[in-house]
2 protein chains.
Amino acid sequence: MNSKPNILVSNDDGIEAPGLQRLVEELKTFANVYVSAPYTQQSAVGHSITIFTPLRTYEHKKNGSLYGIAVEGTPADAVKIGVLHFFRDVKFDLVVSGINHGANTAINIIYSGTVSAATEGTILGIPSIAVSLTTFDNVDFIEPAKMAADIIKQMWEDDKINLHEGTLLNMNIPNLPAAEIKGVKITKQGRSYWKDGFEVRKDPHGKEYYWLTGNMVYRDDSTEYDVAAVQNKYISVTPLHFDLTDYRTYEEIKNWKLNI
Amino acid sequence: MNSKPNILVSNDDGIEAPGLQRLVEELKTFANVYVSAPYTQQSAVGHSITIFTPLRTYEHKKNGSLYGIAVEGTPADAVKIGVLHFFRDVKFDLVVSGINHGANTAINIIYSGTVSAATEGTILGIPSIAVSLTTFDNVDFIEPAKMAADIIKQMWEDDKINLHEGTLLNMNIPNLPAAEIKGVKITKQGRSYWKDGFEVRKDPHGKEYYWLTGNMVYRDDSTEYDVAAVQNKYISVTPLHFDLTDYRTYEEIKNWKLNI
């Protein structure tokens, strides 16, 4: 493929997030880039859509010209309204969501707004990739954006973008200088999970409120899994889909007799 | 299993929803029932959790005694705080989410707060079932609650509750008198999807806003799939999991060479 791809970029950290803006700059070196992203931070919204209230949107400008559409809604909303309404005359080759500030590996994937934006792209029939940087530290996103864009460009040029219907890719980049990264590993979703708890506090009026707290419990050693791959200095790329059927259990229970 | 099971009930329509309250009544005929549910309607929140603001909760009373905990948060929040904090001394045998007012089949599963409450139960290591009634009509939920509770009771008594780690069940009940229902079918998640669009309106100040609209596009004829099963008058029960890895694609692409 030699023509310039049309890429819609979204995220869950909001249109002003440096992770998105650095990625947009790098993608523009080889692609036509359109932006439709939430107006504000939307982390841990999962795959939400807004159905009981209408969506408001704003033209987000930079240096006097249109940078993208800011959507008062979720990442999935932003992708839907970008593809179906604002940029409806564009034939998108790819939706890219990110770069998220923080890992989206293992169980975190199901809470992830970043992944949900890519999922929505896939639902709309467009190949989609979620990109996350595995740190909450303050970083400039310059190197990760270059690496992510370079990998996406290779996939475009090698015709690796068009996977099966309903498949998206979930990329996690370790927070390391490019020179220290060992390579790209195709992985499976890890089985690490959060050991959660609630911290109880009292407000000045004596009423209790609760903060969710938790520690990650690590369960995977092999770099076949996303968490272990990034811990071992690889960029992890996991193929995901949204067919949640547990086929192994389906085969085991499909002949259950239940009476009504 | 003969002792009374301990069941946590949640939903996404809120603690006052008749779907939840009818189900609680029926489950109480054979189980110890605890309720932790959102304070307000939370449909289409997907698998959200609240991490950047604290949670507030209220004791919801009925006839002067505690009915359950109302959580100003999402369905997943309600299950987490119910299991880990308010009812932490209870060893739960089951989390039941519902009865939702509206189907949670095919693509809707990934937007579903009802399913996400059951998913959260499973994440916490508790067997979990989501229950939905496939209508938006005003109904009293009496017959569906009896059927759901009766099926859950059979599963409990036949030791069908403990599936694989990470597996939950998603039950959808057609809106029909019990006498017209043909039976219970174990199914797969269907492939029907929404053909979405946005309806543009103008507010009294001339500013545009957007309503999400859509029609379901049906793709499955076989009652092996959830949508077709309920259309053909079966109660559909689908085993789901939250390992989103697309293993078929993983095998195909695991040896990709991508340079950094």
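A short reminder: the numbers here are calculations on the coordinates, not readings from a lab. All values reported here derive from a predicted model rather than from experimental measurement. We place every Cβ from the backbone using ideal geometry, glycine too, and count neighbours over all the protein chains shown.
A few remarks follow.
- Charging the Cβ of each Asp and Glu at -1 and of each Lys and Arg at +1, and nothing else, the dipole of region A:20-171 about its Cα centre rounds to 340 debye.
- Two-site FRET efficiency, A:ILE51 against B:GLU165, from Cβ-Cβ distance with R₀ of 35 Å, rounded to 0.05: 0.60
- Whole-Hz couplings from phi, Karplus 6.51/-1.76/1.60, listed for region A:127-133; x for Gly and Pro: x, 9, 9, 9, 10, 9, 10
- Only lysine pairs 8 or more places apart or on separate chains count here, and in region A:117-260 those with Cα atoms under 25 Å apart total 17.
- Translational diffusion of region B:220-260, µm² s⁻¹ [Kirkwood Rh, Cα pairs; Stokes-Einstein; 37 °C; 0.692 mPa s]: 247
- Each Lys or Arg adds one and each Asp or Glu takes one away; over the other residues whose Cβ falls under 13 Å from the Cβ of A:ILE109, this sums to -2.
- Rounded to whole Hz, the Karplus (6.51, -1.76, 1.60) HN-Hα couplings of region A:78-95, x for glycine and proline: 4, 5, 4, 6, x, 6, 8, 10, 5, 10, 5, 8, 8, 8, 6, 8, 6, 10
- Beta bridges per DSSP with both ends in the protein assembly as shown, % antiparallel, nearest 5: 50
- Nonlocal amide H pairs with A:SER128, under 5 Å, H built at 1.01 Å: A:VAL95, A:LEU169
- Summarising the strand pairing of region A:1-84, around 45 percent of its internal DSSP beta bridges are antiparallel.
- Our summary gives chain A a relative contact order of 18 percent, counting only alpha carbon pairs under 8 angstrom and 6 or more residues apart.
- Residue of chain B nearest the B-to-A rotation axis [by Cβ], rounded angstrom distance: B:GLY46, 2
- Shortest first, A:THR40 label-point distances to identical copies amount to 1.4 nm, with the label point at 7 Å from Cα along Cα→Cβ.
- Beta bridges per DSSP, both residues in chain B: antiparallel share near 45 percent.
- Remark: the protein assembly as shown carries a charge dipole of roughly 140 debye about the Cα centre, counting +1 on each Lys and Arg Cβ and -1 on each Asp and Glu Cβ.
- Using C-alpha pairs below 8 Å separated by at least 6 residues, the relative contact order for region A:5-147 is 30 percent.
- Alpha-carbon centroids, region A:127-182 and region A:59-114: separation in whole Å: 16
- Here the spin labels are modelled as points 7 Å beyond Cα on the Cα-Cβ line, and at B:VAL139 and B:LYS195 they lie 2.7 nm apart.
- Residues with amide H under 5 Å from that of B:LYS185, placed H, sequence gap 5 or more: B:ILE235, B:SER236, B:VAL237
- The local environment of B:VAL45, defined by Cβ-Cβ distances under 10 Å, has a net charge of -2 under the rule Lys, Arg +1 and Asp, Glu -1.
- Put simply, the amide H of B:ILE99, placed in the peptide plane, has neighbours under 5 Å in B:LEU20, B:LEU23, leaving out anything fewer than 5 places away on its chain.
- Inter-copy label distances at B:VAL139, using a point 7 Å along Cα-to-Cβ, come to 5.0 nm with the shortest given first.
- Take each residue in A:108-119, count the other chain C-beta atoms within 10 Å of its C-beta, and the mean is 3.
- Among A:ASP159, A:ASP226, the ranking by other beta carbons within 10 Å of each residue's beta carbon, starting with the fewest, stands as A:ASP159, A:ASP226.
- Derived scalar couplings ³J(HN,Hα) [region A:177-192; Karplus, 6.51 cos²θ - 1.76 cosθ + 1.60; whole Hz; x for Gly, Pro]: x, 3, 5, 8, 7, 7, x, 10, 10, 7, 10, 10, 4, x, 10, 5
- Relative contact order of region A:140-260: 31 percent, from C-alpha pairs under 8 Å at least 6 residues apart in sequence.
- The distance linking region B:191-250 with region B:1-58 is 24 Å (Cα centroid to Cα centroid, whole angstrom).
- 16 Å reach of a label modelled at A:GLU224, 7 Å along Cα-to-Cβ, counting backbone N of region A:169-197: A:185-192
- Structure-based [θ]222 nm, chain B - -39500 (n - 2.57) summed over DSSP H runs of at least 4, per residue, nearest 500: -6500 deg cm²/dmol
- Among residues other than A:VAL79 with Cβ under 12 Å from its Cβ, the summed charge is -3 (Lys and Arg +1, Asp and Glu -1).
- With its label point defined 7 Å out from Cα along the Cα-to-Cβ axis, A:LYS233 lies at 6.6 nm from the matching points of the other copies, in increasing order.
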